[in-house]
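Have a look at the structure below before the remarks.
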Amino acid sequence: MKPEVETKDDAKVAKAAADPRKVELLDAAGQSIGVTVTLKDEPAPAEEPGPDETLEAMHIRRLSKSVTSWTHLEVDGEPYPFSQARAASLLTRYPHFADQIGKALKL
């Protein structure tokens with residue numbers, strides 16, 4: 001029986017997994033995109049919903065407030081520096097990233 005070969009992506013994911021505050025983002029197909037998100041030690045506390053805010057929007061807001069930074073990220077070919085507002089926009093636009101962050105935070 002042959003041992004499984006570890007790919008670069010597997011190594012990156014394993015390294016990020018060593019620090020539970022680090023999440024290696026994967027695309028919708030499950031492949032690493034080379035971006036690591038850093039999370040707070042504890043998830044942001046749940047807040048009351050805003051007027052006419054959906055549960056999904058409230059969840060995205062909580063996730064984005066739990067993110068503290070990310071490594072170099074490009075969106076539509078342009079640099080996308082970190083901010084809380086950009087985190088919310090990114091997690092809204094790419095729900096599979098929101099799912100990954102939510103799983104890491106156990107939300």
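A count restricted to the stretch 64-106 and to residues that are surrounded by 14 or more Cβ atoms within 10 Å (Cβ to Cβ) and not in a helix (DSSP H, G or I) stands at 7.
Inside the stretch 23-63, can you point out the residues that are part of a strand (DSSP E or B) and over 21 Å from Pro79 (Cβ atoms)? So that I can check it myself, show each step before the final result.
From the stretch 23-63, those part of a strand (DSSP E or B) are 23-26, 32-39; that's our starting set.
If the condition is that a residue be part of a strand (DSSP E or B) and over 21 Å from Pro79 (Cβ atoms), then Leu39 is the only one that fits.
Per the conditions (1) in contact (Cβ under 8 Å) with a residue 12 or more places away in the chain; (2) closer than 21 Å to Asp19 by Cβ, the sole criterion not satisfied by Ala46 is (2). Per this entry, Ala16 is not counted among residues that are of a type outside the set (Ser, Thr, Tyr) and modelled with pLDDT of 95 or more. Just one of the listed residues (Ile33, Ile60) is in contact with a helix residue (DSSP H, G or I) (Cβ under 8 Å, 6 or more places away or on another chain), closer than 15 Å to Ala98 by Cα and β-branched (Val, Ile, Thr), and it is Ile60. Residue check: Asp41 meets all listed conditions (1) within 13 Å of Leu105 (Cβ to Cβ); (2) at pLDDT 95 or above but one, namely (2).
Residue pairs whose Cβ atoms lie under 7 Å apart, separated by 6 or more positions or on different chains, with the first residue in the stretch 17-33 and within 14 Å of Tyr94 (Cβ to Cβ) and the second aromatic (Phe, Trp, Tyr) and at pLDDT 90 or above, are Leu25/Phe97.
The values are calculated or read from the model by the stated rules, or taken from the named source; none is laboratory data. What you see is a predicted model, and the numbers here were worked out from it, not measured in a lab. Here Cβ is always computed from backbone atoms with ideal geometry, including for glycine, and neighbour counts include all displayed protein chains.
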